[in-house]
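The structure appears below as structure tokens.
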């Protein structure tokens, strides 16, 4: 696969991830306004696929990042490494959670994805406004994207939309079962010795 084909493919997936994130947020807002409407039914249809969807986004993001660095030879900048530090464990964590049907993973996945989202947002705006400077090296500057598809999609944008989709999907995943919540400890007088 040529780098231009990969850029197009991953850029399209990035826009799909952005649409998923925005769509989920809109559904949640609509459900809050009308809990019994069509949006509630749509959200109910999204919930069962939210965990495998989040895993698919994390796995695709991980594989895409490895493709760009290992196959195409793009050296990751400092912020790219921070984004990888957040994304790679998410792929493993969400994959295991999907196999185990563990919706309680949201307690761990959302904070990690949110941190990755903040880093990628900062990185993306740094590409848009490079005059801010950065702590990145001159060899691999954080302010200069390797490519830019349609005037907006860069690697930082791809990471940002991936993290946003993961946060949105994990936030609306099927409600946790009662066993996912810690049980209250018994009163110390009720415990027999």
If I take every Cα pair under 8 Å that is 6 or more residues apart in the chain, average their sequence separation and divide by the length, what percent do I get for the relative contact order? 33 percent
Angle between the Cα long axis of helix 38-66 and the longest principal axis of the chain, 0 to 90 degrees, nearest 10? 50 degrees
Using only Cα atoms, find the angle between the long axis of helix 78-100 and the longest principal axis of the chain, and express it within 0 to 90 degrees, rounded to the nearest 10. 40 degrees
Using helices alone, what [θ] at 222 nm do you get for the chain, with -39,500 (n - 2.57) per DSSP H run of 4 or more residues, divided over all residues and rounded to the nearest 500? -22500 deg cm²/dmol
In Å, the C-alpha Rg and Dmax of segment 103-167 are 13.5, 43
Taking the alpha-carbon centre of each part, the distance from segment 52-88 to segment 124-148 in Å is 18 Å
Spacing of the two label points (7 Å from each Cα toward its C-beta) at residue 42 and residue 125, in nm: 2.9 nm
Expressed as an acute angle from 0 to 90° and rounded to the nearest 10, what is the orientation of the C-alpha long axis of helix 3-33 relative to the principal long axis of the chain? 40 degrees
Compactness of segment 3-176 as Cα Rg over 2.2 N^0.38 Å, two decimals: 1.07
Relative contact order computed over segment 17-129 (Cα-Cα under 8 Å; 6+ residues apart), in percent: 24 percent
Gaussian network model of the chain, springs between alpha carbon atoms under 10 Å - residue of 39, 54, 86 with greatest fluctuation: 39
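Bear in mind that the values in this text are calculations on the coordinates, not laboratory data. These figures come from a predicted structure and were not determined experimentally. So basically every Cβ, Gly included, is an ideal-geometry build from the backbone, and we count neighbours across all protein chains shown.
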